[in-house]
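None of the figures in this text is laboratory data; all of them are computed from the coordinates on show. The structure displayed is predicted, hence computed values, not measured ones. Because the Cβ atoms are built from the backbone with ideal geometry, glycine has one as well, and the counts that use them run over all protein chains shown.
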Amino acid sequence: MPALKTPGFHHITMVATDAPRTLAFYGDLLGFDLVKKTVNFDDPGAYHLYFGRDGGRPGTILTFFEWAHARRGHWGVGGVHHLALGVATPEAQLKWKRRLTDAGVSVSGPIDRGYFKSLYFSDPDGQILEIATAGPGYAIDEPADALGRELVVPPHPRLRAGSRRLPSGRDEEAIANANRPTPSARVPEPVPEVTPDMTLDGIHHITGITDDIERAHDFYEEALGLRIVKKTYNQDDAKTKHYFWARYDGEKIGPHSALTLFGWEGSRYVSRPGAGQTHHIAFRAESPDEQAAWREHLLSLDLDVTTVKDRSYFQSIYFHAPDGLLLEIATDSPGFAVDEPADALGADLKLPEWLEPRRGDIERKLVPLG
Ligand SMILES: [Fe+2]
Ligand SMILES: [Fe+2]
């Protein structure tokens, strides 16, 4: 069997405390479709909301466990620092800045990261989000067919050599000052609707924090078949390495596949799970057979892998990265139209068959979403 290579992300699952607020933010404000309203199968008193594009295309799926009493988490080693959502152009990105700012969301950027431009903000629970442009891409400072071979030092002034702030890391004020868009780049009119050019096409990249970036490199290449596409430094923290991996065939990078990590070598500043944090990230397996092969492969690497769990819309296996991040491999099939019409996804509370006898109890505990 050929070496296993994931096509990229299937979904990311985050922790929220207020389902109606999450629906308003990701649905109404950011324009994602609610593609499934269900409960956490391992904790049926809690909502599990799925958002996505095109009925829940893998790579565009954002999911939330609602735990009303979850304490606020914090990013750190073994956690996700931020989730970047993709937008096509810098012009559309500026429209997002206007739309979000008008909605009372504090936004910084756009910042030119070289490979893309980035806008930063947080969701109502504190999850750090980014809106990143599709281009210009990773081939601006090394050949497209030889990405990730050399350590690239970002050109001045993107590398702020004076910044030494760990673990608080990002120097927000310096970033804002250095990257303030010119007045002419501002969008003069309010943006009350998400226009088609503004469509957020799911996961652009996910950035986490590890305490051993070379160990992480071996792991993601060996366990998941990702390939390094950029070795550089964190542009907001000159002493921290920043590596990017993706589905990369030596020519092109697959969509929704870029995982990036900040290397906090030897740091014990461990992430704290909770509200506003990522619970886990899921990569794709194209079929149940491939997932089964993957499970064997992961077991052969001495990883502790769960049995296959039926999540109704996909099948899942779970394991941990060496720095502690919880990972999943989820199948593309059967998808979200398995228990309600494709044109009415997210309309009703859906439960797996084994929870149907408890529907009355479950519905009484959940806040209606309308
Ligand atoms: Fe990012
Ligand atoms: Fe998951």
Inset, instruction - Tally the residues that are loosely packed, with under 15 Cβ neighbours inside 10 Å, part of a loop (DSSP other than H, G, I, E, B) and acidic (Asp, Glu), restricting the search to region 125-154. - result: 1
Inset, instruction - Return only the number of the condition from (1) in contact (Cβ under 8 Å) with a residue 40 or more places away in the chain; (2) under 27 Å from residue 338 (Cβ atoms); (3) touching a strand residue (DSSP E or B) at 6+ places or on another chain (Cβ under 7 Å) that residue 51 does not satisfy. - result: (1)
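I need the full set of residues from region 271-287 which are surrounded by 15 or more Cβ atoms within 10 Å (Cβ to Cβ) and more than 16 Å from ligand 2 (Cβ to nearest atom), in order please.
Correct list: 271, 274, 275, 276.
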Inset, instruction - Name every residue in region 30-53 that is under 20 Å from the mean Cα position of the chain (by Cα), among the small types (Gly, Ala, Ser) and either closer than 25 Å to residue 69 by Cβ or assigned to a strand (DSSP E or B) (or both), in order of residue number. - result: 52
Inset, instruction - State whether the residues of region 280-294 include one that is within 19 Å of residue 14 (Cα to Cα), in contact with a Ser or Thr (Cβ under 6 Å, 6 or more places away or on another chain) and of a type in the set (D, E, K, R). - result: yes
Inset, instruction - Give region 62-84 a look and list any residue that's away from ligand 1 (no atom under 16 Å from the Cβ), assigned to a strand (DSSP E or B) and touching a helix residue (DSSP H, G or I) at 6+ places or on another chain (Cβ under 9 Å), or say none. - result: 64, 66
Inset, instruction - Please verify whether region 52-61 includes one or more residues that are closer than 29 Å to residue 322 by Cα, within 16 Å of ligand 1 (Cβ to nearest atom) and surrounded by fewer than 21 Cβ atoms within 10 Å (Cβ to Cβ). - result: no
Inset, instruction - For region 86-101, indicate whether the set of residues that are in contact with a His (Cβ under 9 Å, 6 or more places away or on another chain), charged (D, E, K, R) and either crowded, with 22+ Cβ neighbours inside 10 Å or in a loop (DSSP other than H, G, I, E, B) (or both) is non-empty. - result: no
Inset, instruction - Please indicate, with yes or no, whether at least one residue in region 342-356 is in a strand (DSSP E or B) and within 16 Å of ligand 2 (Cβ to nearest atom). - result: no
Inset, instruction - Would you check if residue 104 is in a loop (DSSP other than H, G, I, E, B), more than 16 Å from ligand 1 (Cβ to nearest atom), over 22 Å from residue 327 (Cβ atoms) and without any contact (Cβ under 8 Å) to a residue 24 or more places away in the chain? - result: yes
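Residues are listed down the side, and each one gets a yes or a no for (1) more than 30 Å from residue 188 (Cβ to Cβ); (2) within 16 Å of ligand 2 (Cβ to nearest atom); (3) crowded, with 22+ Cβ neighbours inside 10 Å:
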| position | (1), (2), (3) |
| --- | --- |
| 11 | yes, yes, yes |
| 28 | no, no, no |
| 32 | no, no, yes |
| 41 | yes, yes, no |
| 64 | yes, yes, yes |
| 70 | yes, no, no |
Inset, instruction - State whether one or more residues within region 253-266 are free of Cβ contacts under 8 Å to residues at least 60 places away in the same chain and assigned to a loop (DSSP other than H, G, I, E, B). - result: yes
Legend entry - Number of positions in region 234-251 that are touching a residue at least 24 places away in the same chain (Cβ under 8 Å) and farther than 19 Å from residue 79 by Cα: 7
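Tally time: how many residues in region 291-307 are buried (at least 16 other Cβ atoms within 10 Å of the Cβ) and out of contact with any Leu (no Cβ under 7 Å at 6 or more places or on another chain)?
4
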